[in-house]
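The values are calculated or read from the model by the stated rules, or taken from the named source; none is laboratory data. Just so we're clear, the structure is a prediction, and the values are computed from it rather than from any experiment. Glycine gets a Cβ as well: all are built from the backbone with ideal geometry, and neighbour counts include every protein chain shown.
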Amino acid sequence: MFERLQLPDVAAVARRTMLGALAVGVLGLVVLLLFSQTWAALGLCVGIALGIGNFRLIVRSVLKVGRRADANKRRPLAMNTLGRLMTMTVVALVLAWVKPPLGLGIIGGLALFQFLLLGNVTRSMLKAGLGPSGGGFAFLLGAGAADPLGSDDGPGAGDGPGAVAGGTRDAGAATGEGAA
């Protein structure tokens, strides 16, 4: 599924995510400051900044690991990413315990950035799937647009005895061995 996500699409996803995170961060900062939630506003900005920093480090790690000739390229990348996420989570939870508005703002900023990233990746994948080979949802399911379920039966195929919904026959019913 991800082999169709090409390098220019990754750059566009990164750009849209960063700009979206900055816009939502400024909007959230203004709203939280209007409600006199200065610690939560600071936490939101710190959380979004941590999300942006983590994303940039992941991109750098992917490029670095991609240049290696090692057979196992996924393990160092996964361990580095997991370590950073665990560290940020522990720091955010400790701050949420010490100063709840600040910690919750950081957690909210991190979550907001991750949702923006996920939405932009999904948008890019759906957009790539709308080309001549098929529709967006068929692309996500791994099938072509002409046949989103991937079956070879055309309409009306398998409409004889022993046929079930979708045009697939029960092998026992087709040979007469099925239970009546």
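Pairing each residue of region 96-121 that is over 12 Å from VAL24 (Cα atoms) with any residue that is among the hydroxyl-bearing types (Ser, Thr, Tyr), provided the two are 6+ apart or on different chains, yields C-beta distances under 6 Å for LEU117/THR17; ASN120/THR17.
If only one of VAL65, VAL30 is modelled with pLDDT of 95 or more and assigned to a helix (DSSP H, G or I), which one is it?
Working: VAL65 fails: modelled with pLDDT of 95 or more.
Going through VAL65, VAL30 in turn, the sole match is VAL30.
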